[in-house]
Amino acid sequence: MIRIFVNGLAASAGAGLTYLHNVVPHLSALPEVRTTLVVQPNLRDSFNRFRNVELICPQGISGTARRFCFEQWKLPDLIRKARAEVLISAGNFALRKSPVPQILLSGNSLYTSADFYRDLLRRREYAMLADDFVKGALANKSVHWADQTVAPSQAFADELRRWTGREVAVIHHGFDHAAFFGGEVQLSADVQRKLDETEGCLRLLFVSHYNYYRNFETLLRAVPLIQKLVPEKRVKLFLTCKLEPGTNPGAYDGSFAGQLVHDLGIKDSVVQLGAVPYGSLHYLYRACDIYVTAAYAETFGHPLVEAMASGLPIVASDLAVHREICGDAGRYFPRFSPESLAESVAGVARFSNIRSQFSLTAKRRSTEFSWVEHIKQLLFLATSLQTRPDTGRLPNVQTDFRSLLPQQKSNLARNRIMQGIRS
């Protein structure tokens, strides 16, 4: 038996919420694991149905500052009351003095991104720049406070090592094919109508709420260039957001991107769907032809795996993370070059045999990401932290974890945990 405390207070949207929605059900299914999960009150209904999971939803701690103060001064008492043996901090910030061994899940590449810094300066987003500086300093300290820091990709782990001087373990995030494609929520009538109206067009897809680091502007500037290179088909770019103020989480202002759509004369080519429920996303992926992303900062990229599993060729900015996740399933372009983006899309779109080959490669590649394997490696780290001496050396979770498990009295519990995962 192992008791794990998961701090998910920072999860509100995007990758953080996707992570909890996938990991918590797997943890709850393991009889040898008892999980205490702390999340924001609005997520209570999403997680209160799981067995073996004690749910804590503190009130009145919205906002980064309030949440951080609560975590540093109140959370240790909750961890002790839960009799937890290992803390998993899932929101980039660690407890300075955790009462139990602590695993920090670090997944925000903005703190290490020079491109994001320059982008905020260019946009004169000085308040956001100051906020990023403070959060970045705390994120850097957090890597030093944690007993073990984990990154979702090797590329991001390398960035963290250069930034902090500390060793960082790598555990890829997973993908659950059955859960993703088993979603029975139909597309809304409005979204389905927009798909029906674009039958026979070249449908490009980008799944993201609007933010600066996903580099929407480069993607939008590429649209008229793609149309010139593929004149035989009308080009339609589907976005799962709206480029309007107040329609996206966070403080990102989409008005400039919205104005760019008008200035480029591509209003009829850019289909702004707004948020699409996760349970119906697979219908949208399968209705499109190519997945595109021009992001200049990334740590993993769940939509990339979703797109590959749906058989979509990938055209992505040339980031080390994108190459690591997509491999031969993608074509890559310099991240701020709409011309190269357009040429890459056209190169895939014009030849059906290339699209078919990319589609097969993408589907195979997607099978290499597993939440079961992720949980297995995460629990290995958790159990090893309980017994290993504080040598400062991190275990290698990507080697055969069985040969690295600590021996003696905890073997029986570990074996039961691993058997539960395999079953």
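Residues in the stretch 323-348 that are in contact with a Pro (Cβ under 8 Å, 6 or more places away or on another chain) and basic (Lys, Arg): ARG331 alone. Of the residues making up the stretch 33-54, those that are within 22 Å of LEU378 (Cα to Cα) and buried (at least 18 other Cβ atoms within 10 Å of the Cβ) are VAL33, ARG34, THR35, THR36, LEU37, VAL38, VAL39, PHE47, VAL53. Within the stretch 22-39, can one find any residue that is of a type outside the set (Lys, Arg), on the phi > 0 side of the Ramachandran plot and out of contact with any Leu (no Cβ under 6 Å at 6 or more places or on another chain)? No; the residues of the stretch 22-39 include none that is of a type outside the set (Lys, Arg), on the phi > 0 side of the Ramachandran plot and out of contact with any Leu (no Cβ under 6 Å at 6 or more places or on another chain). Take the conditions surrounded by fewer than 17 Cβ atoms within 10 Å (Cβ to Cβ), polar (S, T, N, Q) and either within 20 Å of HIS177 (Cβ to Cβ) or modelled with pLDDT under 95 (or both) and apply them to SER352. Does it pass? When the stated conditions are applied, SER352 passes them. Looking at the stretch 310-357, which of its residues are among the aliphatic types (A, V, I, L, M), in a helix (DSSP H, G or I) and farther than 19 Å from ASP289 by Cβ? Listed by number, the residues that qualify are ALA320, VAL321, ILE325. Only one of the listed residues (PHE93, PHE181, PHE116, PHE156) is of a type outside the set (A, V, I, L, M), at pLDDT below 95 and surrounded by 17 or more Cβ atoms within 10 Å (Cβ to Cβ). That residue is PHE93. Here GLU197 fulfils each of the conditions (1) out of contact with any Cys (no Cβ under 7 Å at 6 or more places or on another chain); (2) surrounded by 14 or more Cβ atoms within 10 Å (Cβ to Cβ) apart from (2). The single residue among TYR210, TYR252 that is under 17 Å from PHE116 (Cβ atoms) and either in contact with a strand residue (DSSP E or B) (Cβ under 9 Å, 6 or more places away or on another chain) or β-branched (Val, Ile, Thr) (or both) turns out to be TYR210. Applying the criterion of being assigned to a strand (DSSP E or B) and of a type in the set (A, V, I, L, M) to the residues of the stretch 272-309, the residue that is nearest to HIS322 (Cα to Cα) is VAL292.
If you go through the stretch 281-312 and keep only what is among the small types (Gly, Ala, Ser), over 18 Å from the mean Cα position of the chain (by Cα) and either at pLDDT below 95 or surrounded by 23 or more Cβ atoms within 10 Å (Cβ to Cβ) (or both), you end up with nothing.
Scanning the stretch 323-343 for residues that are under 20 Å from ILE171 (Cα atoms) and crowded, with 23+ Cβ neighbours inside 10 Å, we see that the one that is nearest to the chain's Cα centre (by Cα) is ILE325. Screening the candidates LEU219, LEU243 for the property of being hydrophobic (A, V, I, L, M, F, W, C), free of Cβ contacts under 8 Å to residues at least 60 places away in the same chain and surrounded by 19 or more Cβ atoms within 10 Å (Cβ to Cβ) yields one hit, LEU243. Of all residues in the stretch 18-74 being touching a residue at least 60 places away in the same chain (Cβ under 8 Å) and hydrophobic (A, V, I, L, M, F, W, C), which is nearest to LYS141 (Cα to Cα)? The extreme case among them is PHE68. In the stretch 308-364, the qualifying residues are those that are aromatic (Phe, Trp, Tyr) and without any contact (Cβ under 8 Å) to a residue 60 or more places away in the chain, and the one that is nearest to LEU219 (Cα to Cα) is PHE333.
Candidates SER46, SER12: the one that is assigned to a loop (DSSP other than H, G, I, E, B) and among the hydroxyl-bearing types (Ser, Thr, Tyr) is SER12.
The values are calculated or read from the model by the stated rules, or taken from the named source; none is laboratory data. This structure is a prediction, so every number in the text was calculated from the model and none was measured. Positions of Cβ are generated from backbone atoms using ideal geometry, with glycine treated the same way; all protein chains shown enter the neighbour counts.
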